[in-house]
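Okay, so here's the structure we're looking at.
The values are calculated or read from the model by the stated rules, or taken from the named source; none is laboratory data. This one's a predicted model, so the numbers in the text were calculated from it and none came from an experiment. Glycine also receives a Cβ, built like all others from the backbone with ideal geometry; neighbour counts cover every protein chain displayed.
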Amino acid sequence: MKLDSKYFDSVRVRKDPEKGTPETGPKCDWKGCGNPGQHRAPRTRGVEGQYYLFCLDHIREFNASYNYFEGWSNDEVAAYQKESVIGHRPTWKTGANAWAHGTRHSMTDAPGTKRRANDPHDFFAWRASKAPEEPQGRRSLKPLERKALETLNLEVTATRQEIKTRFKEQVKLHHPDLHGGDKRSEDKLREIIQAYNYLKQAGLV
């Protein structure tokens with residue numbers, strides 16, 4: 001649009017008595033002052049984005065008397081200043097997090113119960129249902145562990161007590177004294193003892 005057009009000349013700016021005219025700007029909010037308000041001042045603590053507009057003389061007077069911590073005790077002021085160093089965000093010791101120090105709980109946790117992983121989409125339950133079933137409380141066995149159980153004539157699902165009982169039975173059964181010093185009984189007894197010791201080292205006994 002050309003500046004000398006008839007349409008430009010017909011444009012009028014609506015005057016707002018609260019904000020003043022375009023030439024002078026908004027008026028000073030100080031009671032009884034009619035000077036332009038060109039300097040912002042906060043209204044009160046906790047009200048962000050809202051300001052008073054004062055002229056130069058009154059903004060100086062306002063700043064001289066303004067106290068952000070008005071009504072606070074010394075302890076409250078000290079705590080605020082300490083938290084301002086970290087931006088008023090919660091912090092924890094190195095190596096800790098919301099789960100470790102107990103401020104965050106799973107949605108399914110009840111007070112006083114052991115905390116479980118937060119699994120809103122039941123992913124862990126789905127994965128567990130797809131995994132092959134294993135004896136409860138027993139990890140998957142290594143080949144040598146399976147062979148040691150076979151030496152004792154036991155299934156892979158044998159419990160600690162079953163292993164101990166079978167070991168005692170096999171020792172009595174193959175003891176050389178019962179077989180007149182038979183070499184085969186000695187070798188078998190050696191295999192049984194080695195198998196039991198291996199299972200013991202593996203934590204299965």
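Table for the structure above
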{"quantity": "In the stretch 31-52, residue modelled with the lowest pLDDT [restricted to those that are over 26 Å from Trp72 (Cα atoms) and not polar (S, T, N, Q)]", "calculated": "Gly34"}
{"quantity": "Odd one out for Lys15 among (1) modelled with pLDDT under 90; (2) touching a helix residue (DSSP H, G or I) at 6+ places or on another chain (Cβ under 8 Å)", "calculated": "(2)"}
{"quantity": "Single condition Asp57 does not satisfy, out of (1) of a type outside the set (Lys, Arg); (2) in a loop (DSSP other than H, G, I, E, B); (3) more than 47 Å from the chain's Cα centre (by Cα)", "calculated": "(2)"}
{"quantity": "Hits in the stretch 174-193 (condition: without any contact (Cβ under 8 Å) to a residue 12 or more places away in the chain, over 58 Å from the mean Cα position of the chain (by Cα) and either surrounded by 12 or more Cβ atoms within 10 Å (Cβ to Cβ) or under 18 Å from Leu144 (Cα atoms) (or both))", "calculated": "His179, Asp182, Ser185, Glu186"}
{"quantity": "Residues of the stretch 194-205 satisfying the condition of being surrounded by 13 or more Cβ atoms within 10 Å (Cβ to Cβ), out of contact with any helix residue (DSSP H, G or I) (no Cβ under 6 Å at 6 or more places or on another chain) and part of a helix (DSSP H, G or I)", "calculated": "Asn197, Lys200"}
{"quantity": "Residues of the stretch 148-167 classified as under 20 Å from Arg190 (Cβ atoms), without any contact (Cβ under 8 Å) to a residue 24 or more places away in the chain and touching a Leu at 6+ places or on another chain (Cβ under 8 Å), total", "calculated": "1"}
